[in-house]
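Asks: Dropping the structure in here first, questions after.
Derivation of every value follows stated rules applied to the coordinates shown; laboratory data play no part. Fair warning: this is a prediction, and the values are worked out from it, not measured in the lab. We place every Cβ from the backbone using ideal geometry, glycine too, and count neighbours over all the protein chains shown.
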Amino acid sequence: RVSPDWLARLPKTELHLHIEGTLEPELLFALAERHGVALPYADVDALRAAYDFKDLQSFLDLYYAGADVLRSEADFHDLTRAYLARAHADGVVHVEIFFDPQTHTARGVPFATVLNGIRRALTDGEREFGISHRLILCFLRHLPEADGFATLEEALPHLDRIDGVGLDSSEAGHPPQKFERLFARCRELGLPCVAHAGEEGPPEYVWQALNALRVCRIDHGVRALEDPVLVAELARRRIPLTVCPLSNVRLKVYPSLTRHPLRQLLQAGLVATVNSDDPAYFGGYVGENWRACAEALGLTREELLQLARNGIDASWLEPAAKARWL
Ligand code: ADE
Ligand code: ZN
C-alpha cells in the first residue's frame with residue numbers, strides 16, 4: 001500500500017481535461033447570476049443531484065446546457081483559473097486542456113473571447129503555480145464535418161495559441177472517418193491530432209482514429225482491449241491512451257472502479273495515463289482519480305510510477321522539459 005503523502009507528491013500530468021467540464025455548480029450559479037440567466041434548478045444541491053448519468057449522451061446533455069452560462073472572457077478566465085488551482089493542489093505539473101469552441105460560437109460567443117480567457121488564465125497559472133500547458137481545440141463529432149471546417153477557419157488567425165486539435169462529443173454513430181478531410185487539413189497546418197475513440201465506441205473507431213485521422217494519442221481507448229491486434233499495434237507504436245477512470249464509472253462504461261482495466265492496459269505494455277475528463281461532473285479531479293484507482297485496484301508503487309512516467313512521456317512537452325520530470 002502506498003502512502004497518501006507519496007501519492008500526493010508524485011508529479012502528475014493531465015492530458016484529457018475538458019475545460020467546460022470543470023464548471024462546478026457553485027461557479028455555474030455565480031455566472032448565471034452575473035449574466036441574469038434563470039436556471040431550471042433551485043440551488044447548487046439540486047443541480048448536483050442531477051449529475052446521475054446513464055451513459056455518455058445523458059452527461060453531454062447537461063454539460064452543454066451548463067456551458068450556456070459561459071459568456072464573457074472573464075468567465076472563461078475564472079473557470080480556467082479555478083481548475084488550475086485545483087490541479088496544483090493535486091500535484092499536477094503539466095496540463096493539456098481541451099476546449100469546445102463550437103459550443104460557444106453557436107451561442108454567439110466569439111471564438112476570440114473563449115480563447116483569450118482560457119489563454120490568459122493558463123499564462124497566469126504558469127507563473128503562479130508553475131504549471132506548464134498546451135491547449136487543444138476539439139471539434140464536436142455530432143456536428144457535420146463542414147461545421148468543423150468553419151471552426152478551423154475561425155481558428156486560423158489564432159493558430160500561434162492553439163497547440164493541437166481533438167475530436168469529442170457523442171461517439172456512437174459518429175466514426176472518426178467522418179472527419180478524415182478536416183484532420184488531413186489540420187495536419188497540413190502542422191497541428192498534432194488526438195481523438196476520443198473507444199470510450200463507448202468499438203475498437204474499429206480506434207483503428208479509424210489511427211489510420212484515417214493519424215492521431216498521435218487516443219483519448220480513452222479503453223475498448224481497444226477487445227481487439228488483441230489493436231492492442232499490439234498501440235503498444236508497438238507507443239500510442240498513448242488518456243484514460244479517465246472515474247469518468248468511465250460515472251458514464252457506465254464499467255460497473256465499478258474495481259472492474260476498471262487500468263492495470264490490464266499497463267500489463268499489455270500500453271502507454272496508459274490517468275486523467276479526470278470532466279471533474280466537476282464526475283466527482284473527482286485528477287488527484288482523486290489516482291487515489292481511487294490506487295485503492296480500488298491496489299496499484300503498486302511501480303505501477304503508479306509507470307503511470308506518472310507515461311503522463312510525462314505522452315505529453316507534448318519538449319524533450320528537455322520532459323527530462324526534468326523523468
Ligand atoms: N466531451 C466532454 N467529455 C467528453 C467525453 N468523455 N467523451 C466525449 N465527449 C466529451
Ligand atoms: Zn473526454
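Asks: When the chain is fully extended, how far beyond the present Cα-Cα distance does Glu126 get from Glu180, taking 0.36 nm per residue of separation?
Replies: 16.0 nm
Asks: May I pose another question? Fewest first, what order do Lys12, Lys252 take by the number of other Cβ atoms within 10 Å?
Replies: Ranking Lys12, Lys252 by Cβ neighbours within 10 Å, fewest first, gives Lys252, Lys12.
Asks: Here is a follow-up. Label points 7 Å out from Cα along the Cβ direction at Ala112 and Ser256: separation in nm?
Replies: 5.4 nm
Asks: Here's something else I'd like to know. Under 10 Å, Cα contacts only: if you run a Gaussian network model on the chain, which one of Ala32, Ala172, Ala65 comes out with the highest mean-square fluctuation?
Replies: Ala65
Asks: Please give the FRET efficiency for Gln57 paired with Arg214, using the beta carbon to beta carbon distance and R0 = 25 Å, rounded to the nearest 0.05.
Replies: E between Gln57 and Arg214, to the nearest 0.05, is 0.35.
Asks: Cut-off 10 angstrom, C-alpha nodes, Gaussian network model of the chain. Which of Ala49, Ala280, Ala209 fluctuates the most?
Replies: Comparing Ala49, Ala280, Ala209 in a Gaussian network model of the chain, the most mobile one is Ala49.
Asks: Could I ask something else about it? Which value in nm describes the separation of the simple spin-label points at Ala42 and Trp6, placed 7 Å from the Cα toward the beta carbon?
Replies: About 4.7 nm separates the two model spin labels.
Asks: Next question. Need one word for region 50-168: rounded, prolate or oblate. Basis is the Cα gyration tensor (sqrt eigenvalues a ≥ b ≥ c); a/c below 1.5 gives rounded, then a/b vs b/c decides.
Replies: oblate
Asks: Sort 122-130, 55-63 by the packing proxy (mean of other Cβ within 10 Å over each peptide's residues), most packed first. Write out the running numbers ahead of the final one.
Replies: Working: 122-130: 14.7, 55-63: 17.2.
Top of the packing list down: 55-63, 122-130.
Asks: For Glu318 and Arg236, compute 0.36 nm times the residue count separating them, minus their Cα-Cα distance, and round to one decimal in nm. Kindly include the intermediate steps, with their values, before the conclusion.
Replies: Working: separation 82, 0.36 × 82 = 29.52 nm, distance 2.21 nm.
Stretched fully, the Glu318-Arg236 segment lengthens by 27.3 nm.
Asks: Still on this model: Can you give the direction-averaged projected area of the convex hull of the alpha-carbon atoms in region 1-109, in nm²?
Replies: So the mean shadow area of the Cα hull is 8.5 nm².
Asks: Another question about this same structure. Using a Gaussian network model on the chain with a 10 Å cutoff between Cα atoms, which of Ala121, Ala67, Ala106 fluctuates the most?
Replies: Ala106
Asks: Binning at 5 angstrom from zero up to the longest distance, how are the C-alpha pair distances of region 115-198 distributed in percent?
Replies: Over region 115-198, the share of Cα pairs per 5 Å bin runs 3, 14, 25, 21, 16, 12, 7, 3, 0 percent.
Asks: Another question about this same structure. Once you have a ≥ b ≥ c as the square roots of the Cα gyration tensor eigenvalues for region 164-271, tell me rounded if a/c is under 1.5, and otherwise prolate or oblate according to whether a/b is larger than b/c.
Replies: Prolate is the answer for region 164-271, as a/c is 1.5 or above and a/b outweighs b/c.
Asks: Moving to a separate point now. Which value, to two decimals, describes the C-alpha radius of gyration of the chain once divided by 2.2 N^0.38 Å?
Replies: 0.93
Asks: Would you kindly state how much longer the chain becomes between Leu156 and Gln306 on full extension, computed as 0.36 nm times their sequence separation minus their alpha carbon distance, in nm to one decimal?
Replies: That pair, Leu156 and Gln306, stretches by 50.3 nm at full extension.
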